[in-house]
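Reviewing the structure listed below.
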Amino acid sequence: MEIKEDRRDGVLVIALAGRVDSTTAPTLEAHLGRLEKDSTRRLVVDFSGVEYISSAGLRIMLILAKRAREQQSALALCALGENVRQVFELAGFLPLFIVKGSQSAAVAAVTGV
Amino acid sequence: MIRRPFAAHPRAFTTASRPLVTERPDTSSPGQKEGMSARDTLTVPATMAGVRQAADTASAWTDRLGLPVEVRRRALTTLDEVLSNIVRHGVRGGAGVIQMTLAYEAGVLEIELTDDADSFNPLLVPAPDVGAPIEDRVPGGLGIALVRALADEVQYERDANRNRVTMRFEANRGTRDI
């Protein structure tokens with residue numbers, strides 16, 4: 001799994017690539033844990049490069065969602081492939097997130113908050 | 001006069017009529033997946049490093065067979081759930097091993113995982129409440145719910161002091177309605 005960080009219109013964009021599973025989830029969790037609280041006021045997670053996500057990855061997304069809610073920060077996900085979307089849907093996770101098709105739409109969604 | 005055809009001699013059958021080169025079905029064409037079959041077994045330690053090795057192997061194996069992306073992703077997601085479950089709950093002290101058999105025949109991918117840990121049927125893990133509000137969400141049980149949903153068939157057996165989970169995926173079923 002690759003993790004890329006980008007800043008766009010004051011939004012931190014985290015782009016993931018590869019597989020988000022039990023073997024890579026600890027790396028992602030550690031990476032997200034190192035982010036300064038101020039830098040995640042507006043956060044987008046881009047899934048366009050993600051091959052698949054398992055429950056180990058969902059667990060981290062749940063932590064992010066809970067943290068965003070506690071800190072009243074804005075979080076959006078974007079570019080979920082068919083398989084990733086299916087896994088989110090099966091887990092009942094779609095209602096927990098703002099989900100957009102493109103990164104631009106996700107950035108716009110969190111800057112408008 | 002009785003004619004005895006030369007070919008009727010037993011030795012004529014067993015020697016002269018046997019082709020020198022055995023013909024194999026052509027599996028080189030990408031459109032011939034129905035006719036392909038393959039089977040491989042790998043044994044990995046019941047650790048996260050072993051899970052990574054099994055995932056890499058399954059990914060490369062299914063890619064080499066040219067299986068559709070949709071079925072590969074369903075299978076690899078499911079595989080991660082069952083493997084990580086075995087490592088987390090099943091095998092104590094990290095000394096155990098997991099045996100993975102990958103098989104493909106007649107359009108069906110089959111993944112069989114056996115481990116020598118205590119009896120543990122992952123299919124008995126209760127399903128999570130996927131409609132609960134975010135405050136009440138816990139990740140537990142999600143993995144097995146995904147296994148049930150993503151595999152076309154999944155079964156558990158306890159056999160000769162080993163746990164065996166078998167998952168089947170139809171390669172050509174198209175996208176499933178959720």
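Below, the figures for the structure above:
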item: Verdict on residue A:32 being more than 14 Å from chain B (Cβ to nearest Cβ), assigned to a helix (DSSP H, G or I) and within 14 Å of the chain's Cα centre (by Cα); result: yes
item: Those residues of region A:69-83 which are more than 8 Å from chain B (Cβ to nearest Cβ) and either over 24 Å from residue B:145 (Cβ atoms) or free of Cβ contacts under 8 Å to residues at least 12 places away in the same chain (or both), in sequence order; result: A:70, A:71, A:72, A:73, A:74, A:76, A:78, A:79
item: Any hit, region A:48-56, residues being over 22 Å from residue B:145 (Cβ atoms) and either part of a strand (DSSP E or B) or away from chain B (no Cβ under 13 Å) (or both); result: yes
item: Count of region B:46-57 residues which are surrounded by 17 or more Cβ atoms within 10 Å (Cβ to Cβ) and not in a helix (DSSP H, G or I); result: 1
item: Count of region A:84-98 residues which are outside any loop (DSSP other than H, G, I, E, B), without any contact (Cβ under 8 Å) to a residue 24 or more places away in the chain and facing chain B (nearest Cβ under 9 Å); result: 4
item: Members of region B:104-151 that are among the charged types (D, E, K, R) and modelled with pLDDT of 90 or more; result: B:105, B:110, B:112, B:115, B:148
item: Residue pairs meeting the criteria (Cβ under 8 Å; at least 6 apart or on separate chains; first within 11 Å of chain A (Cβ to nearest Cβ), in region B:115-136; second exposed (fewer than 12 other Cβ atoms within 10 Å of the Cβ)); result: B:128/B:138; B:129/B:136
item: Selected residue (criterion: nearest to residue B:108 (Cα to Cα)) from residues of region B:142-173 that are assigned to a helix (DSSP H, G or I) and among the small types (Gly, Ala, Ser); result: B:149
item: Options A:23, A:111; residue that is more than 12 Å from the chain's Cα centre (by Cα) and more than 29 Å from residue B:147 (Cβ to Cβ); result: A:111
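The values are calculated or read from the model by the stated rules, or taken from the named source; none is laboratory data. All values reported here derive from a predicted model rather than from experimental measurement. All Cβ positions, glycine included, derive from the backbone under ideal geometry; neighbour counts span all protein chains shown.
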